[in-house]
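To start, the structure under review is shown below, and the notes come after it.
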Amino acid sequence: MRTFENVTEQRRKTMSHIRGKDTAIEVTLRKALWKKGYRYRKNYKRLPGTPDICLTKYKIAIFCDSEFFHGKDWEVLKLKLEKGNNGPYWTKKIQDNINRDDEVDKQLMFLGWTVIHFWGKEILKKTDECIKVIEETIFDIKMGEAEELR
């Protein structure tokens, strides 16, 4: 276990409750996919980055990203973090996450997978729109396969 300087007991307790799997955003999207009849693998370890949801039939890897840890509006967030407690730690951590996400996306695309990222609030507030994006991606993949058969 890592320990950090200048971390309050309350912050340590809060951070210890952050989950890596089966988060509310993942569960929300999975339930919506299941209800629509799509079957998937969750936290698929056979692929780089262990995607949160994989539609293996269509080779689609889906990541459900929290806004904070994956750096949504990074330039604005970065300025706020630099002013706060442990600024250098958090800016490095989130920048490393952004870089890792980019690298994982490249690896998956090289393997022939389509990669989709959704922000957490996008999933919670506009679940139907997220499902629509996935369905449009599936349609595009099927159309591409049909073109190859001609």
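The values are calculated or read from the model by the stated rules, or taken from the named source; none is laboratory data. Everything numeric here is computed off the predicted structure, so don't read it as measured data. Counting neighbours? That spans all protein chains shown, and the Cβs are built from the backbone with ideal geometry, glycine included.
Annotations for the structure displayed:
Yes/no matrix, rows are residues, columns are (1) crowded, with 16+ Cβ neighbours inside 10 Å; (2) modelled with pLDDT of 95 or more; (3) farther than 15 Å from Ser66 by Cα; (4) among the acidic types (Asp, Glu):
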| residue | (1), (2), (3), (4) |
| --- | --- |
| Lys106 | no, yes, yes, no |
| Gly112 | no, yes, yes, no |
| Val115 | yes, yes, yes, no |
| Phe118 | yes, yes, no, no |
| Ile123 | yes, yes, no, no |
| Thr137 | yes, yes, yes, no |
| Glu148 | no, no, yes, yes |
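- Of residues in the range 8-33 being at pLDDT below 65 and outside any helix (DSSP H, G or I), the one surrounded by the most Cβ atoms within 10 Å (Cβ to Cβ): Ile18
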